[in-house]
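Participant: My questions all concern the structure below.
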Amino acid sequence: MTLRSLCSLAAAALLCAALLQARDVNAQEQLVVAQIGALVEKPVPGVIQLGEGMRAYFDMINARGGIKGKRIDFLQLDDAFDVDRFMKQFDEAMKRKAIAILSPSGSPMVQRMLESKILDSADTVVLNVLPGAESFRNPGHPKLFHVRAGDGQQIERITQYVKTVGVSEFAVVYVDAPGGHSGFATTERSAQQTGGLKVTGHKATLAPESILAAAKEVAASPARAVLVIGPPKFMSDAIVALRNAGGAQALFAQSYLVPAELTKALGANARGVGIAQAFPNPMGITMPLQLEFQAAMRKSFPALTDYSAFHLEGYVCAKLFAEVAKRMKKPTPADFAQTLRGMGEIDLGGFRVNFSRGAAGSRYIAIGVINYSGRLQY
């Protein structure tokens, strides 16, 4: 081999070493965060809006130089609302060394994540999941932290509200699934604690004829208010059926119902529907968080003019991640979890969370009512 060939090989080896070193340095200069959900193939509006809120915050923080000089690498992995694909995307997030997974969505996916015990070995934490079912919180998992208030707290708040406004008979239309049954049981318990409130249950499957039958039962009953419990489409379909059945009851739903989707289906008849909210009004102007969020959304998504609670929820989760990352000593999931638990009350601009007392950070619950323009009025 000639001297020139040896020099060429040596130069190539040095170049490869330099590229590998640069790649390692680049990896060290990033904090990887992932969102897994139905984003593309079977898009779910709430999941997309969560991601947009996260993106707005990470765009803003990266434009300021990141966190301790490290940029946020935000991965969005589509699971097409399929459990097996969710598990594959979870593995992909682990290969990319995601410190945290933010707001994975869908009961089947969250249930599989917990039942498979994948979090036992995964080097990550999960910050927030949707829905906020009690079965995902008790017993939960040491690596799973819930930002939003739980479904049980939403149901309790609505139950207390209808009692306060003088309702004595309260109907619940709930999906014939574990989440629906547990939600109805929570309503019954809350009504007993409140006192003087009679609750009747009307279960239905996802089939339109089953939902219509339950709606007709409620319309013919003496109930003065109705709570609908189930996944977003079930709640929307049930409220449409209740309105079409001619009942005059006040209608309430859980926070997963998107007002714009209901307004699209019902038009002006959506007015007056009350929806529990686990986050402040995204269009409000009274909290520093709201103003900061709106400015970031305008910067990242200038075509959007109307923001949903899911947008704000995504933004809050991203901001919470950043606030913890600023304080952790080492960029590892274990240090993230320890830091989060040790921070006590965290003020995110008027919206506060506290994980020192357990895995659920927020107790915020409000009731928004759809107004004439199809927006929620708090």
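The values are calculated or read from the model by the stated rules, or taken from the named source; none is laboratory data. What you see is a predicted model; the values in this text were computed from it and never measured. Ideal geometry is used to build each Cβ from the backbone, glycine not excepted, and the neighbour counts take in all protein chains shown.
Participant: Please verify whether Arg189 is surrounded by fewer than 16 Cβ atoms within 10 Å (Cβ to Cβ), out of contact with any strand residue (DSSP E or B) (no Cβ under 7 Å at 6 or more places or on another chain) and of a type in the set (D, E, K, R), treating the condition exactly as stated.
Facilitator: Considered against the rule, which asks whether it is surrounded by fewer than 16 Cβ atoms within 10 Å (Cβ to Cβ), out of contact with any strand residue (DSSP E or B) (no Cβ under 7 Å at 6 or more places or on another chain) and of a type in the set (D, E, K, R), Arg189 comes out as yes.
Results for (1) within 17 Å of the chain's Cα centre (by Cα); (2) in the same structural domain as Pro232 (by TED's automatic domain parsing); (3) among the polar types (S, T, N, Q), shown as yes or no for each residue.
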| site | (1), (2), (3) |
| --- | --- |
| Gly272 | no, yes, no |
| Gln290 | no, no, yes |
| Lys299 | no, no, no |
| Ala303 | no, no, no |
| Tyr307 | yes, no, no |
| Leu312 | yes, no, no |
| Val316 | yes, no, no |
| Phe321 | yes, no, no |
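Participant: Follow-up question, since we're still on this one. I want to confirm something. Restricting to the stretch 40-53 and keeping residues that are of a type outside the set (A, V, I, L, M) and in a helix (DSSP H, G or I), which single residue is modelled with the lowest pLDDT?
Facilitator: Top of the filtered list is Pro45.
Participant: Out of all the residues in the stretch 104-122, which are touching a Phe, Trp or Tyr at 6+ places or on another chain (Cβ under 9 Å) and either buried (at least 24 other Cβ atoms within 10 Å of the Cβ) or not hydroxyl-bearing (Ser, Thr, Tyr) (or both)?
Facilitator: Within the stretch 104-122, Pro104, Ser105, Gly106, Pro108, Met109, Val110, Gln111, Arg112, Met113, Leu114, Ile118, Ala122 qualify.
Participant: Considering only the stretch 239-288, state which residues are closer than 18 Å to Val44 by Cβ and of a type in the set (Gly, Ala, Ser).
Facilitator: Ala253, Ser255, Ala260, Ala265, Ala278
Residues checked against (1) over 30 Å from Ile48 (Cα atoms); (2) surrounded by fewer than 21 Cβ atoms within 10 Å (Cβ to Cβ); (3) in contact with a Lys or Arg (Cβ under 9 Å, 6 or more places away or on another chain):
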| site | (1), (2), (3) |
| --- | --- |
| Ser210 | no, yes, yes |
| Val218 | yes, no, no |
| Val226 | no, no, no |
| Pro232 | no, yes, no |
| Ala245 | yes, yes, yes |
| Ala253 | no, no, no |
| Pro259 | no, no, yes |
| Lys264 | no, yes, no |
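Participant: Could you give me the residue pairs with C-beta distances under 6 Å whose first residue belongs to the stretch 305-318 and is in contact (Cβ under 8 Å) with a residue 40 or more places away in the chain and within 11 Å of Val258 (Cβ to Cβ), whose second residue is among the polar types (S, T, N, Q) and crowded, with 24+ Cβ neighbours inside 10 Å wherever it lies, and which are 6+ apart or on separate chains?
Facilitator: Here the result reads Ala309/Gln277, each pair linking the stretch 305-318 to a residue that is among the polar types (S, T, N, Q) and crowded, with 24+ Cβ neighbours inside 10 Å.
Participant: Could you count how many residues in the stretch 288-319 are surrounded by fewer than 15 Cβ atoms within 10 Å (Cβ to Cβ) and part of a helix (DSSP H, G or I)?
Facilitator: Looking only at that region, the number is 5.
Participant: May I pose another question? Out of the residues in the stretch 320-351 that are in a strand (DSSP E or B) and touching a Lys or Arg at 6+ places or on another chain (Cβ under 9 Å), which is surrounded by the fewest Cβ atoms within 10 Å (Cβ to Cβ)?
Facilitator: Only one residue fits best here, namely Glu345.
Participant: Could you please let me know if Val33 is touching a His at 6+ places or on another chain (Cβ under 9 Å), in contact (Cβ under 8 Å) with a residue 12 or more places away in the chain and within 26 Å of Pro282 (Cβ to Cβ)?
Facilitator: It is false that Val33 is touching a His at 6+ places or on another chain (Cβ under 9 Å), in contact (Cβ under 8 Å) with a residue 12 or more places away in the chain and within 26 Å of Pro282 (Cβ to Cβ).
Participant: Hey, any hits in the stretch 54-66 for a residue that's at pLDDT below 95, assigned to a helix (DSSP H, G or I) and surrounded by 16 or more Cβ atoms within 10 Å (Cβ to Cβ)?
Facilitator: For the stretch 54-66, residues at pLDDT below 95, assigned to a helix (DSSP H, G or I) and surrounded by 16 or more Cβ atoms within 10 Å (Cβ to Cβ): absent.
Participant: Can you name every residue in the stretch 321-378 that is in contact with a helix residue (DSSP H, G or I) (Cβ under 8 Å, 6 or more places away or on another chain) and basic (Lys, Arg)?
Facilitator: Those that are in contact with a helix residue (DSSP H, G or I) (Cβ under 8 Å, 6 or more places away or on another chain) and basic (Lys, Arg): Arg327, Lys329, Arg363, Arg375.
Participant: Which of the residues that make up the stretch 21-39 are over 14 Å from Gly66 (Cα atoms), modelled with pLDDT of 95 or more and either among the hydrophobic types (A, V, I, L, M, F, W, C) or in a helix (DSSP H, G or I) (or both)?
Facilitator: Ala34, Ile36, Ala38, Leu39
Participant: I need every pair where a residue in the stretch 237-264 that is touching a residue at least 24 places away in the same chain (Cβ under 8 Å) and closer than 21 Å to Thr187 by Cα has its Cβ under 8 Å from the Cβ of a residue that is buried (at least 24 other Cβ atoms within 10 Å of the Cβ) and among the basic types (Lys, Arg), sequence separation at least 6 or different chains.
Facilitator: So the pair list comes out as Ser255/Arg148.
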